[in-house]
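Step one of this worksheet: look at the structure below.
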Amino acid sequence: MSGAPALVLIDLQRAIDDPSWGERNNPHAERRAAELLAHWRRMGWPLFHIRHDSREPNSTYRPGQPLHDFKPETAPLPGETVLGKSTCSAFAGTNLAERLRAIDSPRVYVCGVITNNSVESTVRAGGDLGFAIYLVEDACFTVGKGRWRAQEVHEMSLANLAGEYATITTAGRVLASP
């Protein structure tokens, strides 16, 4: 649908549930992402499921094993666009930018995991490419990194992206707006 806002769901795969990732924030992020996804489906707006296809042999995101599957609450339906990536950014090595330009989407809403990795990389690239990016903070989560707790890492990423690369918003605000 031309001119409609797009939703980009990043790496919402079972891989992130592996205990090796450690402590996370936003325990309701998947529920918020599922609410956004349901709204986009009802409206018939464009949506893009991004799947991380790691080339690392020990990655939980490596294709060909069960953790590579999408989480059930945000899994794509038949016919929905799925773009595989092997780097952090959903724009690198995919045709996401071309697809968004083709539908002339005025706003691109982004959610998923990991806030300070694939989400941040995608938002930065999208902002650099001139897209109006809206990062849905409560539909994203991350994990702790070194001495920093997951919530601290999440908040730092949001602070890095706010303004220059994206408008930071919440699922509630998105769902309440016309």
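Coordinate-derived values only; no laboratory data. Predicted model, so just to flag it, every value in this text is computed and none were measured. FYI the Cβ positions are ideal-geometry reconstructions off the backbone, even for glycines, and counts take in every protein chain you see.
Miscellaneous remarks
- Rg over Rh for the stretch 1-98 works out to 0.97, both radii taken from alpha-carbon positions and Rh defined as the Kirkwood radius.
- Length-normalised contact order of the stretch 6-176 in % [C-alpha pairs under 8 Å, at least 6 apart]: 28 percent
- Measuring nothing but how far apart in sequence close Cα pairs (under 8 Å, 6+ apart) lie, relative to its length, the stretch 100-169 scores a relative contact order of 35 percent.
- Taking amide H as placed 1.01 Å from N in the peptide plane, THR167 has its amide H under 5 Å from the amide H of ILE133, TYR134, LEU135, each at least 5 places away in sequence or on another chain.
- The chain: Cα Rg divided by the 2.2 N^0.38 Å rule of thumb: 0.95
- Summarising the label geometry, the points placed 7 Å from Cα in the beta-carbon direction at ARG149 and ALA75 lie 3.4 nm from one another.
- Near the amide H of PHE48, within less than 5 Å, lie the amide hydrogens of LEU7, VAL8, LEU9, all on another chain or at least 5 residues away, with H placed in the peptide plane.
- Highest-first packing order for the peptide set 118-129, 24-35, 156-167 is 118-129, 24-35, 156-167, based on the mean count of other beta carbon atoms within 10 Å.
- Cut-off under 5 Å, modelled amide H: who pairs with GLY112 long-range: ILE10, CYS140, PHE141
- Neighbour-count ranking [beta-carbon atoms within 10 angstrom, fewest first] of THR87, THR60: THR87, THR60
- Taking the helices alone, the chain has a mean residue ellipticity at 222 nm of -8000 deg cm²/dmol, built from -39,500 (n - 2.57) per DSSP H run of at least 4 residues and averaged over all its residues.
- Relative contact order, percent, the stretch 43-115 [alpha-carbon distance under 8 Å, six or more residues apart]: 28 percent
- Cα centroid separation - the stretch 115-178 against the stretch 37-106, whole Å: 17 Å
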